[in-house]
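So the structure is just underneath, and the comments pick up after that.
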Amino acid sequence: MGTKFPSAEWVEQFVEEINSSEAYANAAKQWEGDVLLVIEGHSGVYLDLWHGECRSAEYLAENPSDKRAEFIISANLERWQRVLDGKLDPVQGMMTRQLKLDGNLVKIMKNVKAAQELVRCATRVDTVY
């Protein structure tokens, strides 16, 4: 029995995966910046990421676009499913505009490994849609 994506419970488990991942901690030790993942027409996930840890997170059930973040990544639920299933690399998705990025792509490109490890953490959450 998995955890429904997106939901507050899913975000909680995602944060546990992030903060227990040595690979993410190492890959993101230089990272400074918060991220908002917007599931278009649905909801959002806010992550305060700082030097390899998630300091706080929030499931935004309504109006995720009201929240400000250094990086806002938007896509429909189907695209997010592809990312979480490991079928769409997030950086590739941003470069090909399958995922819409509002933020500095160059900073993300300098931290590709961190982005990939973050997604790897998400794939470890037992997810149902």
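We did not get these values from a lab; they are worked out from the coordinates using the rules stated. Being a predicted model, the structure only gives us computed values, none of them experimental. Quick reminder, even Gly has a Cβ in these numbers, built from the backbone with ideal geometry, and neighbours come from all protein chains shown.
Points to keep in mind about this one:
- Candidates S21, S74 - the one that is among the polar types (S, T, N, Q) and under 11 Å from the mean Cα position of the chain (by Cα): S74
- Enumeration of residues in the stretch 16-25 that are without any contact (Cβ under 8 Å) to a residue 40 or more places away in the chain and of a type outside the set (G, A, S): E16, N19, E22
- From W50, W31, residue being free of Cβ contacts under 8 Å to residues at least 40 places away in the same chain and within 18 Å of L105 (Cα to Cα): W50
- Selection from the stretch 47-95 of residues that are assigned to a helix (DSSP H, G or I), among the polar types (S, T, N, Q) and either touching a strand residue (DSSP E or B) at 6+ places or on another chain (Cβ under 9 Å) or buried (at least 17 other Cβ atoms within 10 Å of the Cβ) (or both): S65, Q81
- Matching residues, the stretch 96-128, being in contact with a Ser or Thr (Cβ under 6 Å, 6 or more places away or on another chain) and assigned to a helix (DSSP H, G or I): C121
- Residue match in the stretch 24-43 (condition: in contact with a Ser or Thr (Cβ under 7 Å, 6 or more places away or on another chain) and part of a loop (DSSP other than H, G, I, E, B)): yes
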